[in-house]
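As structure tokens, the structure follows; a few thoughts come after it.
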Amino acid sequence: MTDQFIWVGQHPGLDLCNTEPVIDGAFVDLLTGPEALAAWATEAGLPPVAPGALPERTVRWARALRDGLRAALDPPERDPDRLGQVDALLRPVRGTLGLAPVPDPRLVLRSDDPDAQFRLDLAAATVPALALDPDRVRRCANPACVLLFHDVSKAGRRRWCDMATCGNRAKAAAHLARSRSAR
């Protein structure tokens with residue numbers, strides 16, 4: 001894994017939403033073009049994409065999918081009516097059902113068009129995030145952070161996208177405030 005992408009979501013759909021984080025107070029799109037989208041997909045575990053195989057229109061489609069998923073999943077603005085936006089993006093993508101080869105014969109979606117196949121693979125990996133328990137899909141408790149995650153902790157009390165960044169900052173700030181008030 002590279003440092004280019006953020007992998008804190010515990011689900012590819014949430015990690016796709018996290019490809020537009022806030023850095024230094026501004027939204028930054030990590031899906032800068034076809035190569036970045038292909039790199040993200042590979043790191044997310046999707047089938048490899050041939051270099052140069054993704055057109056710019058697929059990057060725009062992936063960003064629209066990301067925006068639709070975020071609108072439906074992001075707790076402060078969660079809007080289940082936005083599922084229609086995701087459905088509208090998925091409807092034109094054509095494929096057929098088939099079986100993956102042995103030793104893992106499972107249902108797969110296939111297309112002879114590499115662009116459509118990528119879209120099918122991306123949708124199959126990310127859209128199931130919509131079925132996650134909405135009480136366990138959260139936004140980081142840091143008000144300056146927009147990252148989403150699926151709380152898979154046993155107690156269900158995870159608050160931070162990552163303890164190494166937002167969690168430690170909050171703990172350090174609380175410690176500093178306690179030290180100052182004790183003086």
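The single residue among 46, 14 that is closer than 20 Å to residue 129 by Cα, touching a helix residue (DSSP H, G or I) at 6+ places or on another chain (Cβ under 7 Å) and surrounded by 19 or more Cβ atoms within 10 Å (Cβ to Cβ) turns out to be 14.
Inside region 67-114, residues that are acidic (Asp, Glu), free of Cβ contacts under 8 Å to residues at least 40 places away in the same chain and under 18 Å from residue 133 (Cα atoms) make up a count of 3. The residue that is farthest from residue 137 (Cα to Cα), among those in region 78-113 that are among the aliphatic types (A, V, I, L, M) and exposed (fewer than 11 other Cβ atoms within 10 Å of the Cβ), is 102.
Would you check if residue 117 is of a type outside the set (A, V, I, L, M, F, W, C) and either farther than 30 Å from residue 144 by Cα or not in a helix (DSSP H, G or I) (or both)? When the stated conditions are applied, residue 117 passes them. Assess whether residue 36 counts as being crowded, with 17+ Cβ neighbours inside 10 Å, farther than 17 Å from residue 129 by Cα and within 15 Å of the chain's Cα centre (by Cα). Here the answer is yes, as residue 36 does meet what is asked.
Every number in this text was worked out from the coordinates using simple rules, so none of it is lab data. Remember, predicted model here, so these are calculated numbers, not experimental data. Glycine gets a Cβ as well: all are built from the backbone with ideal geometry, and neighbour counts include every protein chain shown.
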